[in-house]
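Step one of this worksheet: look at the structure below.
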Amino acid sequence: MIVVAALVTWWIGSLPAVRLVERLWGIDLRQVGTGNAGAGNATRSIGLRAGATLAVLDGFKGLIPVVVARQVGFSAPSLAVIGLAAVAGNNWPVWRRDRGGRGLATSAGAVVGFAPWLILWPGMWAVAGWFIGGGVAGFIGWGLLPAFAVWFEPSSAALLLTGGLGVMMAVRRAQGNSGLEAPDVLRRIVFDDDPRPVEAPSRPLAISLGRSLWLPALLVVGFPTYLWLAGSRATDLTLAAGTVALLLAAALTELGAKYAFGALYRQGARSAGVEMSPWTAFRAALVGTGVARLIPAGGVVTPVAMAWSANKGERTAGAAVRATVLSYGGLAGATGIGLVWASLLHPPGHAARTTGLTGLVLVALGAVLIGLGGRLRHLVHLVPSRWRQRVRAVLVDHSVDRRAWGLIATRTLLEAATLGLTLIAFGISMAPSQVVAAFGVSQIVGGLPGSPGGLGVTEAGLIGVLVLFGIPAAVATTPVLTFRIISYWLPAIGGLAFGGHAYLNRREARPAS
């Protein structure tokens, strides 16, 4: 029965929806743009209405067979086979010898029919594709969908469907417009960078391989690994609606913290005589705290990445340094206050005294950093003489007013609130002082070894602090991994999108040699 259903679905997937769009708009997609018979090429070569029409039609080819099979009573593995058959029909149609599209819209329809939650990951990257290039976004979105499935839909059927979709995407990209024998197969698979039949459309579809692949490498490997770890730790956990709502609230809180950091950067830039919009500052904050954190000792790179992303001149570099120093000062101060407060909640003893003393030291360190943040130009004499003049012209010497204090506190407390909401989502209740202390200590400890984003070290430090506060390590592991997905990996994805957008815009603006 399943064999017959799969053959029928292959036939349905082969229905030439692209021909209808080509006749309606009077154009042959194989002779324009990228030469691909898909919705992306239709959007760029004809317009949004044509692309949306083709995407809906191709999506129905994957959605309808899966939904009908589910209503008939097919098992989950059979539904996965039917979804794969629909995509195979779209990519390698039985109607004609012409090549089909890449099958992304049909894949989306099959995924929605099988498990709607799974569309979140490729859907997010479909949006990011307009900024960083549709090729690499599609590779990350669909190639890594099996890792996402392990977290949200941990079943063999989900892995069969998502893994098969990733394989078919890779094979179809490798085949390209010229067949498998053409060179640069790996480049086509990762970036969908295929020889075009005519001049490429104005919007670039892929980032150059040479200087760009290293940047998302940790994201491509690390994020799915995180999802796998979180999924393996939570195989018996059922995410109720309230849990999902709390995790979504944690993600929004994290974005609010990044916005406050961007506002602090914007304030420093304004004092240096440079105006920038809140949106520009927010994007710079995501690049600085996202992509830069993928680099070892990324805290040092953060202000450089922020200034580069804003693209407002070298004077904004000093504002980025100021914002970074002030944020670290706020982190140290808040952590210290949290430790002192937490020590008062414990019975008197050696551990309480040590915790309180450590907190006082961090409070003093935070005060020093915030004080230096308003007097950075006084430190110019510590810079080597050959760079002193340039550094003096860049640094911002701006006092820390009430607004700056508010932004520093807002960012730090919102970051800690992200951890608090994540813990509550997993049924862990802690005093606010303990949450702030746990968050701050993990961030400080994670920055000491200079690993990318404190990867591994931050997690271990956070779990260790939670254990000291009475939370068993086995209980703390899953919420800690989930918190790091929200606070580290998701901003890194956003930073990659905006950083790639800035990179592509600068490349387009560069005069031809």
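The values are calculated or read from the model by the stated rules, or taken from the named source; none is laboratory data. The structure presented is a predicted model; accordingly, all values stated were derived computationally and were not measured. Neighbour counts are summed over all protein chains in view; Cβ atoms, including those assigned to glycine, are modelled from backbone coordinates with ideal geometry. Please note that ligands, DNA and RNA were not included when accessible areas were found on the heavy atoms of the full protein model with its side chains. Shrake-Rupley method; radii C 1.70, N 1.55, O 1.52, S 1.80 Å.
Residues that are open to solvent by 20 Å² or more (accessible area, probe 1.4 Å), at pLDDT 85 or above and part of a helix (DSSP H, G or I): does the stretch 450-457 have at least one?
No.
Any idea which of 52, 42, 108 is closer than 15 Å to residue 18 by Cβ and open to solvent by 10 Å² or more (accessible area, probe 1.4 Å)?
52
Residue by residue through the stretch 18-37, note down the ones that are within 28 Å of the chain's Cα centre (by Cα) and open to solvent by less than 10 Å² (accessible area, probe 1.4 Å).
Of everything in the stretch 18-37, nothing turns out to be within 28 Å of the chain's Cα centre (by Cα) and open to solvent by less than 10 Å² (accessible area, probe 1.4 Å).
For the structure I just gave you, tell me whether residue 467 is at pLDDT below 85, assigned to a helix (DSSP H, G or I), in contact with a helix residue (DSSP H, G or I) (Cβ under 7 Å, 6 or more places away or on another chain) and surrounded by fewer than 20 Cβ atoms within 10 Å (Cβ to Cβ).
no
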